[in-house]
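The values are calculated or read from the model by the stated rules, or taken from the named source; none is laboratory data. The model shown is predicted, which means the values in this text are computed figures rather than measured ones. All Cβ positions, even for glycine, are placed from backbone atoms using ideal geometry, and neighbour counts span all protein chains on display. Calculation scope for accessible area: heavy atoms of the full protein, side chains included, ligands and nucleic acids excluded. Shrake-Rupley method; radii C 1.70, N 1.55, O 1.52, S 1.80 Å.
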Amino acid sequence: MNRTAEIERKTKETEIYIKLSLDGEGEAKLEFPIGFMAHMLNTFARHGFFNIEARAKGDLIVDQHHLVEDTGIVLGQCFAKALGDKRGIKRNGSCLFPMDECLACAAVDVSGRPFLYFDGQLSKTPVKSTQENGDQYDFQTDVIEDFWQAFVSAAGCNLHLEIIRGRSDHHKIEAMFKAAARALRAACEIDDRASGIIPSTKGSLPHFESPGVLV
């Protein structure tokens with residue numbers, strides 16, 4: 001089974017290319033100008049056992065919102081396209097992920113119906129980070145919710161993502177990416193007992209070409 005997708009999206013604000021394999025080894029090849037997000041995408045690939053190749057650039061002179069949000073859109077589109085009609089998948093998954101003082105919970109249903117519940121308990125203090133060229137910058141933690149909202153809208157899934165407890169914003173965000181990756185990995189896995197069956201009593205699920213899924 002070759003569950004891969006490759007999407008390029010260009011606007012006046014961003015240019016993003018992502019290639020995704022759902023059945024990978026957790027490898028990430030990234031050219032991403034925001035170091036903190038590159039770290040999160042690498043973590044997401046590793047814990048989901050997804051192979052991700054990504055190249056991105058955008059109007060960081062404005063702020064980080066456009067690039068981070070649009071990356072969520074393209075990654076979500078790749079998931080929707082790679083899953084096709086979702087035949088044979090387990091469809092839902094969850095993960096409770098501890099990271100030092102932090103505990104994150106993620107639950108996902110690849111239903112074709114986008115919804116996000118997000119409670120990251122993030123402070124308004126930016127995370128100090130570094131761009132590819134070595135310049136220091138403040139990472140805007142509020143864009144993390146925008147990333148996941150864009151992802152679920154494009155992927156056509158509902159995702160409940162929350163921090164149960166924690167202190168460090170870095171740990172909170174990273175734990176959420178790890179939990180989401182593992183929940184998605186479980187949801188996207190092929191169910192040996194339901195090979196070839198669409199996991200819905202309706203007999204079909206909205207997919208990449210269906211109305212309502214962002215393309």
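So here's what we get for this one:
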| item | result |
| --- | --- |
| Top-ranked residue of the range 192-215 - restricted to ones that are surrounded by 14 or more Cβ atoms within 10 Å (Cβ to Cβ) and modelled with pLDDT of 75 or more, ranked as farthest from residue 149 (Cα to Cα) | 194 |
| Restricting the range 69-83 to residues that are within 11 Å of the chain's Cα centre (by Cα) and of a type in the set (A, V, I, L, M, F, W, C), the residue that is farthest from residue 5 (Cα to Cα) | 73 |
| Scan of the range 1-52 for residues that are of a type in the set (D, E, K, R) and under 24 Å from residue 87 (Cβ atoms), ordered by number | 3, 6, 19, 23, 25 |
| Residues (more than 13 Å from the chain's Cα centre (by Cα) and buried (at least 23 other Cβ atoms within 10 Å of the Cβ)) located in the range 33-54 | 34, 36 |
| Matching residues in the range 112-132 - criterion: being in a strand (DSSP E or B) and surrounded by fewer than 15 Cβ atoms within 10 Å (Cβ to Cβ) | 115, 117, 119, 128, 130 |
| Close pairs from the range 62-86: first over 23 Å from residue 188 (Cα atoms), partner among the aliphatic types (A, V, I, L, M) and open to solvent by 20 Å² or more (accessible area, probe 1.4 Å), Cβ under 8 Å, at least 6 apart | 67/60 |
| Members of the range 59-93 that are open to solvent by less than 40 Å² (accessible area, probe 1.4 Å) and on the phi > 0 side of the Ramachandran plot | 84, 86, 88 |
| Neighbours by Cβ (under 6 Å, 6+ apart or cross-chain): first from the range 34-46, of a type in the set (Phe, Trp, Tyr); second in a helix (DSSP H, G or I) | 44/177; 44/181 |
| Of residues in the range 157-171 being more than 12 Å from the chain's Cα centre (by Cα) and within 23 Å of residue 66 (Cβ to Cβ), the one most open to solvent (accessible area, probe 1.4 Å) | 170 |
| Some residue of the range 97-112 being among the polar types (S, T, N, Q) and farther than 19 Å from residue 68 by Cα | yes |
| Considering residues of the range 17-32 that are touching a helix residue (DSSP H, G or I) at 6+ places or on another chain (Cβ under 6 Å) and among the small types (Gly, Ala, Ser) only, the residue least open to solvent (accessible area, probe 1.4 Å) | 26 |
| Verdict on residue 14 being open to solvent by less than 30 Å² (accessible area, probe 1.4 Å), among the β-branched types (Val, Ile, Thr) and under 16 Å from the mean Cα position of the chain (by Cα) | no |
